[in-house]
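Engineer: Questions regarding the structure given below will be posed in turn.
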Amino acid sequence: MSEEHHYDLVVVGGGPAGSSAAFTAAKNGVKVALLEKENSIAETVRTSGVTWIQSIKEFGIPDDCYNPIKNFSFCSPNNEVTISDSIPRAAVLDVRKTYRWLAHEAEQLGVDIFVKMNVSEVIKNEKGDIVGVKGDGPDGKVTFHSKVVIDASGFTSTVCKAMGFVTQWKRFGAGAEYEVKAEKADSETWWLMVGQQYSPAGYAWIFPLGNNTVRIGVGVGKPESNVDPTQRLKELMEKKLGPIKKLGEITPIEFHYGLIPNDGLSRKTVFNNLILVGDSAGQANPLVLEGIRYAIKFGRVAGKVSAVAIKSGKTDKDALYPYEENWRKEIESKINSAGKVQDRWIGLTDEEWDKELDIIKELKSEEFLDFIKADFGLSNMIKLATHHPKLAVRQLFNLVKGKK
Ligand SMILES: Cc1cc2nc3c(=O)[nH]c(=O)nc-3n(C[C@H](O)[C@H](O)[C@H](O)COP(=O)(O)OP(=O)(O)OC[C@H]3O[C@@H](n4cnc5c(N)ncnc54)[C@H](O)[C@@H]3O)c2cc1C
């Protein structure tokens, strides 16, 4: 007989969104299973792990999980800018350690974690609503019955796809990265590298982790470019282009590869008995395609809203809607604004990038960070669009604040 379980909530995917959802659901008193297809949480790293100290503090991520960053360097083929902060406001996460910490926090509250559990099917009731999932585990098929399912499976959106609610993302970023030991790494400075030679529709990066370790990567927008990011990364590292040369001797430790949705906030994220969160919902800042903080933040909201709905005995889409209302209020207009800057950036020639860096040079560190984080508060944008002494900066922010 095949194995069978009954839970209040089943969370599919043990990434930052899934672990965070499981954590708050358990905290709010429901019985939770977290299903992860890999052999362990964060077995494969698919991200560069840049995030912000403010979010790290808000989530309570331990100090030994990240390396703080103070200097933000940008280079284009013929220009360079470094914006320095007095205190570090950005960070590069030890991704494995952070994701395992998130899962451990959930486990401590009683969440049952099933690794090596590849969810492949959904279970529906007579109305066609989801009431569980089936996974392939080490000992065969396992059935999980539940009142609510959270799809936190990332880019693949496994559950939602199996329900027939969504198809593959059309627009997305593909990224390849080597974590390396670098002889002359500067642990407080990141580099973003723009222009055709680095990436025709995207950017390359150097993100330091401390201890002479850095992540060197290339991200390419699809379908805008057909460049293979892995191939381009190898070329950049071989030629030691731009700031890569400053790193001295490089020894690769680990290769990372991943895909991230870039279709804006195009999806509905609540259905009867089902929530989508993190990359499966497309919740990423399109400017630099960073989604970890949203995955954790809205994962926590999804877990709490599910628990409240389960305890009330009503788990249809209306009962789960407070989750969608919450994230839309928080990020929808910011992401739409960031999408406009991204559209502008994707079309820039090398010469235009050289000029764009001149605009970035005019920003104060807080303005630059708000910009790159897509934290476009309306009053700040209006201030920059109206009163900034440089015309080019005013034009940029006029573009950002305009209606979509
Ligand atoms: C190259 C690259 C670089 C990036 N850099 C950054 C960055 O610097 N900063 C930042 O904030 N964001 C970055 N991102 C984005 C960030 O990684 C994502 O936004 C974030 O990981 C989303 O978290 P998630 O939990 O939704 O999905 P994921 O982290 O993808 O987690 C999904 C989990 O579900 C599991 N899973 C999938 N299918 C199944 C299944 N069928 N059954 C069971 N389990 C399943 C997977 O194994 C995985 O563990 C980057 C993305 C890429 C591709």
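Engineer: Can you name the residue in the range 364-402 that is within 25 Å of the chain's Cα centre (by Cα) and in a loop (DSSP other than H, G, I, E, B) and, of all such residues, is modelled with the lowest pLDDT?
Structural biologist: Residue satisfying both the conditions and the ranking: G377.
Engineer: Right, another one. Being of a type outside the set (A, V, I, L, M) and within 13 Å of the ligand (Cβ to nearest atom) narrows it down to one residue among F72, F23; which is it?
Structural biologist: Selected residue: F23, the only one of F72, F23 that is of a type outside the set (A, V, I, L, M) and within 13 Å of the ligand (Cβ to nearest atom).
Engineer: Still on this structure, I have one more. Could you count how many residues in the range 1-55 are of a type in the set (V, I, T), under 14 Å from the mean Cα position of the chain (by Cα) and surrounded by fewer than 24 Cβ atoms within 10 Å (Cβ to Cβ)?
Structural biologist: Selection size over the range 1-55: 2.
Engineer: Next question. Does L192 count as at pLDDT 95 or above, open to solvent by less than 10 Å² (accessible area, probe 1.4 Å) and more than 12 Å from the ligand (Cβ to nearest atom)?
Structural biologist: Considered against the rule, which asks whether it is at pLDDT 95 or above, open to solvent by less than 10 Å² (accessible area, probe 1.4 Å) and more than 12 Å from the ligand (Cβ to nearest atom), L192 comes out as no.
Engineer: If you don't mind, another one. Given (1) part of a loop (DSSP other than H, G, I, E, B); (2) in contact (Cβ under 8 Å) with a residue 24 or more places away in the chain; (3) more than 11 Å from the ligand (Cβ to nearest atom), where does T82 come up short, assuming only one miss?
Structural biologist: (1)
Engineer: Anything in the range 265-278 that is hydrophobic (A, V, I, L, M, F, W, C) and within 7 Å of the ligand (Cβ to nearest atom)? List them, or say none.
Structural biologist: Once the filter is applied, which keeps residues that are hydrophobic (A, V, I, L, M, F, W, C) and within 7 Å of the ligand (Cβ to nearest atom), the range 265-278 yields only V277.
Engineer: Identify all residues within the range 195-209 that are more than 20 Å from the chain's Cα centre (by Cα) and either open to solvent by 10 Å² or more (accessible area, probe 1.4 Å) or not small (G, A, S) (or both); write none if there are none.
Structural biologist: Q196, Q197, Y198, P200
Engineer: How do the pairs read when you match residues in the range 12-36 that are touching a residue at least 24 places away in the same chain (Cβ under 8 Å) and closer than 18 Å to V122 by Cβ with residues anywhere that are aromatic (F, W, Y) and open to solvent by less than 10 Å² (accessible area, probe 1.4 Å), using Cβ under 6 Å and keeping only pairs 6 or more apart or on different chains?
Structural biologist: As it stands, the answer is A33/F144, since those pairs meet every condition given.
Engineer: I'd like to know if the range 138-147 contains one or more residues that are surrounded by 22 or more Cβ atoms within 10 Å (Cβ to Cβ), β-branched (V, I, T) and over 18 Å from the mean Cα position of the chain (by Cα).
Structural biologist: There is no residue in the range 138-147 that is surrounded by 22 or more Cβ atoms within 10 Å (Cβ to Cβ), β-branched (V, I, T) and over 18 Å from the mean Cα position of the chain (by Cα).
Engineer: Let me ask you something else. Tell me, which residue of the range 279-298 that is assigned to a helix (DSSP H, G or I) and β-branched (V, I, T) is nearest to the ligand (Cβ to nearest atom)?
Structural biologist: I292
The values are calculated or read from the model by the stated rules, or taken from the named source; none is laboratory data. All of these numbers come straight from a predicted model, not from anything done at the bench. Quick reminder, even Gly has a Cβ in these numbers, built from the backbone with ideal geometry, and neighbours come from all protein chains shown. All accessible areas refer to the heavy atoms of the entire protein, side chains included, with ligands and DNA or RNA removed. Shrake-Rupley method; radii C 1.70, N 1.55, O 1.52, S 1.80 Å.
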